[in-house]
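To keep things clear, I will list the structure first and then write my remarks on it.
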Amino acid sequence: MNLTTLPRDLSFWDQFAPYYEQWAACSGYHQPILHDLASMVEVGWRVLDIGAATGTLAIPLASLGCRVTALEPSRGMREILLKKIRELNIAEIEVVPLRWEEYESREELDLIIASNSLHLFRGGLLEGARKAFRHKPAYFCLITETEGFPIDFRAIDAIADGYQFLYIKTIETRSLCTDESALELLKAYVADSSFLSGERTRLSVLWWERQDHSDG
């Protein structure tokens with residue numbers, strides 16, 4: 001279940017980081033997601049953010065009182081994230097320079113969140129989600145664009161052993177493709193750029209809860 005032809009090459013994401021940060025800061029893309037998160041998380045939660053990029057979710061999660069491990073292999077993305085952490089004097093975020101396939105958590109997690117990142121996992125979105133469930137967080141939140149990408153979420157739910165599916169929410173938001181410089185860089189790296197069109201895109205936000213957690 002590899003959904004896109006976006007490159008796994010870290011040099012691309014290093015170059016792309018400034019465009020991503022500029023777009024994320026002005027697009028409002030993540031606001032519906034953050035509204036959703038604010039209604040779900042609790043102070044003190046231990047959160048793993050897979051593919052944290054420049055901190056679009058990690059920093060707000062820390063401001064909500066969570067202790068966040070931000071997993072981000074791109075040096076360009078990390079540099080921007082670390083700069084923001086220093087400027088905002090945030091102590092609740094640990095930045096880890098690893099891919100998801102290279103990382104194993106040693107602590108019990110309240111939430112694993114993956115926003116537009118698991119399709120870059122070596123085994124694709126399905127295997128990336130399988131690893132998340134294997135870590136047995138109390139909750140798993142998967143966020144992925146679905147505009148132009150047919151996804152059978154039932155296949156993911158089928159591997160969620162020991163988890164109860166809570167809900168799926170569809171959000172329409174501003175596309176990354178509205179930034180011309182970012183779009184040109186994407187087209188230079190993406191073999192099939194047919195999906196890079198349109199000012200609006202759709203996101204699906206899915207939540208699962210570990211059954212023994214909900215029973216307690």
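The values are calculated or read from the model by the stated rules, or taken from the named source; none is laboratory data. None of the values given here were measured: they were computed from a predicted structure. Cβ sites come from the backbone with ideal geometry, for glycine too, and all protein chains shown count toward neighbours.
A few remarks follow.
- Helices (runs of 4 or more DSSP H) (entirely within the stretch 9-96) containing at least 3 residues that are loosely packed, with under 15 Cβ neighbours inside 10 Å: 10-27, 31-38, 75-88
- Of residues in the stretch 132-179 being at pLDDT below 80 and part of a loop (DSSP other than H, G, I, E, B), the one surrounded by the fewest Cβ atoms within 10 Å (Cβ to Cβ): P150
- Meets criteria (free of Cβ contacts under 8 Å to residues at least 24 places away in the same chain and over 21 Å from V205 (Cβ atoms)) for R134: yes
- Criterion violated by F195 - all others in (1) within 21 Å of A114 (Cβ to Cβ); (2) outside any loop (DSSP other than H, G, I, E, B); (3) at pLDDT below 85 satisfied: (2)
- Sole residue being closer than 18 Å to E145 by Cα, touching a helix residue (DSSP H, G or I) at 6+ places or on another chain (Cβ under 6 Å) and of a type outside the set (D, E, K, R), chosen from A24, A70, A53, A17: A53
- Against the conditions (1) touching a Lys or Arg at 6+ places or on another chain (Cβ under 9 Å); (2) free of Cβ contacts under 8 Å to residues at least 24 places away in the same chain; (3) among the polar types (S, T, N, Q), N89 satisfies every one except (1).
- If you go through the stretch 76-91 and keep only what is farther than 22 Å from L111 by Cβ and under 17 Å from the mean Cα position of the chain (by Cα), you end up with G76, I80.
- Among the residues making up the stretch 105-123, those that are in contact (Cβ under 8 Å) with a residue 24 or more places away in the chain and exposed (fewer than 15 other Cβ atoms within 10 Å of the Cβ) are E107, E108, R122.
- In the stretch 58-102, the qualifying residues are those that are more than 26 Å from S11 (Cα to Cα) and charged (D, E, K, R), and the one that is modelled with the lowest pLDDT is E92.
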